[in-house]
Each structure stands twice: as C-alpha cells, then as structure tokens.
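In what follows, a structure is listed as structure tokens, so that the remarks can point back to it.
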Amino acid sequence: MLKAQKLSWIKNRKQILHGINIEITKGECLGLVGPNGSGKSSLIKILTLLEPPTSGKILLNNQEIPSNIPLEIRRKIAVVFQDPLLLNMNVFHNIAVGLKIRGLRKTLIEERVEYWLASFGISHLTKQHVRSLSGGEAQRVSLARAFALNPEILFLDEPFSSLDAPTTEELLIDLNRVFQSTGITSLIVSHDFREIKHLTNRVYVMLKGEIQTSGLTAEILPSSPDTELQDYLAPW
C-alpha cells in the first residue's frame, strides 16, 4: 500500500535519513524500532507527509505522491503521536472534530464517535473535559479520534512512551484487539521491542538514520551478525 524508495532528509545541513527503503503491505501492522535518536520520528514525518524528503519518493497504492500533495491523499493518513494532541473541549468533540471538518452528517458523526468510544472503553468519558483525563485516557481518546477518521493507513509514533507499565499493558491488549477486528494498515514506531513484538508480525530496525535490518518480528532478534545491532537488540 505504501512504499518509500531511497528517502533521504537533510535538515540544518545535517543528514538525518540515509537512503531509506520501506514497504507497508495492505492490512498489515508493521513495526519500526530503534533507539532514541535513530531517526524513527523523522522518518514518520516524511511518511505522513508532514515534511518533504530531500530526495527519494513515496508511493501510495503504486502511485507516486506529488510534491503538491492533494487533500484527498492527506485524508487517507492518520497519525497518533507520543503526546496526545487534544483540543480544549470535551472527549466527544475531540473525537468528532475531524469528522465535522470532513462534512459528515451529524447522525453519522454521533454513531462513529460512540462506536470508537466503546471500542477503547471510554464511553463513560464522553462529556468529560480532556484536561481532567489521565495519560492513558487521553491516549485512548487520541486513538479513537484517529480510528474514527477511517484512514487507509494509521501511523503511531511512540504511543506508549509516556504511560506507566500497567496502563501500557491494558492499552496494548485493547489496541491489538482493534487491529484484529479492523484489519487497518498501520505502522507502529517504538524504542521498546516488547511493544512491537506484541502488535506486529514484521519489523524494520533503524540505527543512525538507516534501516539496518528487517524481517519477521519473531525471528529478527537472534538473526543479526552486526555488533552494534546486537548490542541494541540484546536486552530484548
């Protein structure tokens, strides 16, 4: 569904990404793992069309995405960031805001919001203001908002990094259930291989702005002869 070919990115005269090649197959949940500073978040900015690459190209459904990106292509992509970027309103309106912008009728908005509130176990929070939410609740609202948009591809950039271990474990279980029921194409970014292993079947590993290796999540840990890569993967 999505293919990046020889992506490079230079910012402030520093090369951040070096010749990245990556493919996401329709319906799969793909992992992207690497230590802090490896370039994961920079790559996500490029793949989600928030930043243009210095060189290389991105193809969506085998069609190259032009430099002047059409709105209909942007609307095929949704992103959940590390810190939930919620608006100063209640939970219902935060989930509904993107649907309102797209001009959906009121009854459809209500049905979709209620569905995703229930899917992430936060129906009881519908009228609650986001400032009163816990970190886990806020991230569930952010996820529900992204899924409500019905994107073709969903990107999750370190969605668990600010959560404690019990909250992360509960959210991993619920998110895995949602992935299984929807079959949505997704890419999950993390520095923690345990999260990637829980949700994905295939993974890319980044170090120093480059893809170092890729393969099936269950098989990649013992497979690398590279010393630096072994040092990173060893704790997992």
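Here's a check for you: in segment 107-148, which residue that is polar (S, T, N, Q) and not in a helix (DSSP H, G or I) is farthest from the chain's Cα centre (by Cα)?
As a first pass, look at segment 107-148 and keep what is polar (S, T, N, Q): 107, 119, 123, 126, 128, 132, 134, 139, 142.
Next, from what is left, pick out any that are not in a helix (DSSP H, G or I): 126, 128, 134.
Numbers: THR126: 24, GLN128: 26, SER134: 21 Å.
Out of the qualifying residues, it is GLN128.
Which of the residues spanning segment 35-60 are over 12 Å from LEU17 (Cβ atoms) and at pLDDT below 90?
Once the filter is applied, which keeps residues that are over 12 Å from LEU17 (Cβ atoms) and at pLDDT below 90, segment 35-60 yields PRO35, ASN36, GLY37.
Please work out which residue is farthest from SER162 (Cα to Cα), limiting yourself to segment 83-96 and to residues that are in contact (Cβ under 8 Å) with a residue 40 or more places away in the chain and crowded, with 17+ Cβ neighbours inside 10 Å. Walk me through it before giving the result.
Of all residues in segment 83-96, those in contact (Cβ under 8 Å) with a residue 40 or more places away in the chain come to 83-91, 94-96.
When the remaining residues are screened for being crowded, with 17+ Cβ neighbours inside 10 Å, the result is 84, 86, 90-91, 94-96.
Values: PRO84: 10, LEU86: 15, ASN90: 21, VAL91: 20, ASN94: 20, ILE95: 21, ALA96: 24 Å.
Ranking the candidates gives ALA96 first.
Please state which one of ILE24, ILE16 is of a type in the set (Val, Ile, Thr), touching a helix residue (DSSP H, G or I) at 6+ places or on another chain (Cβ under 7 Å), modelled with pLDDT of 90 or more and crowded, with 16+ Cβ neighbours inside 10 Å. Quick ask: steps written out before the conclusion?
Details: ILE24 fails: touching a helix residue (DSSP H, G or I) at 6+ places or on another chain (Cβ under 7 Å).
Unique residue meeting the criteria: ILE16.
How many residues are in a strand (DSSP E or B) and touching a residue at least 60 places away in the same chain (Cβ under 8 Å) when one looks only at segment 10-42?
14
Let me confirm something: among ILE184, ILE188, which residue is more than 24 Å from LEU207 (Cα to Cα) and modelled with pLDDT of 90 or more? Walk me through how you get there before you give the answer.
Values: ILE188 fails: more than 24 Å from LEU207 (Cα to Cα).
On inspection, the qualifying residue turns out to be ILE184.
When you check GLY103 against the structure, is it small (Gly, Ala, Ser), in a loop (DSSP other than H, G, I, E, B), modelled with pLDDT under 95 and farther than 30 Å from THR25 by Cβ, yes or no? Explain how you work it out, then say what you get.
Details: small (Gly, Ala, Ser): yes; in a loop (DSSP other than H, G, I, E, B): yes; modelled with pLDDT under 95: yes; farther than 30 Å from THR25 by Cβ: yes.
Yes; evaluated as a whole, the condition is true for this residue.
Taking ARG202 as the residue in question, decide whether it is under 20 Å from LEU87 (Cα atoms), crowded, with 19+ Cβ neighbours inside 10 Å and touching a helix residue (DSSP H, G or I) at 6+ places or on another chain (Cβ under 7 Å). Explain how you work it out, then say what you get.
On the way: under 20 Å from LEU87 (Cα atoms): no; crowded, with 19+ Cβ neighbours inside 10 Å: yes; touching a helix residue (DSSP H, G or I) at 6+ places or on another chain (Cβ under 7 Å): yes.
So ARG202 does not fit the description; no.
Each row is one residue, and each column tells you yes or no for (1) acidic (Asp, Glu); (2) over 25 Å from GLY37 (Cβ atoms).
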| position | (1), (2) |
| --- | --- |
| GLU152 | yes, yes |
| LEU156 | no, no |
| GLU169 | yes, yes |
| LEU175 | no, yes |
| GLN180 | no, yes |
| THR185 | no, yes |
| ASP192 | yes, no |
| ILE196 | no, no |
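Look at LEU172 and say whether it is aliphatic (A, V, I, L, M), at pLDDT below 80 and either over 19 Å from SER41 (Cα atoms) or not in a loop (DSSP other than H, G, I, E, B) (or both).
Numbers: aliphatic (A, V, I, L, M): yes; at pLDDT below 80: no; either over 19 Å from SER41 (Cα atoms) or not in a loop (DSSP other than H, G, I, E, B) (or both): yes.
Criteria not met by LEU172.
The values are calculated or read from the model by the stated rules, or taken from the named source; none is laboratory data. Just so it is clear, the model here is predicted, and its values are computed rather than measured. Virtual Cβ from ideal backbone geometry, glycine too; neighbours counted across all protein chains shown.
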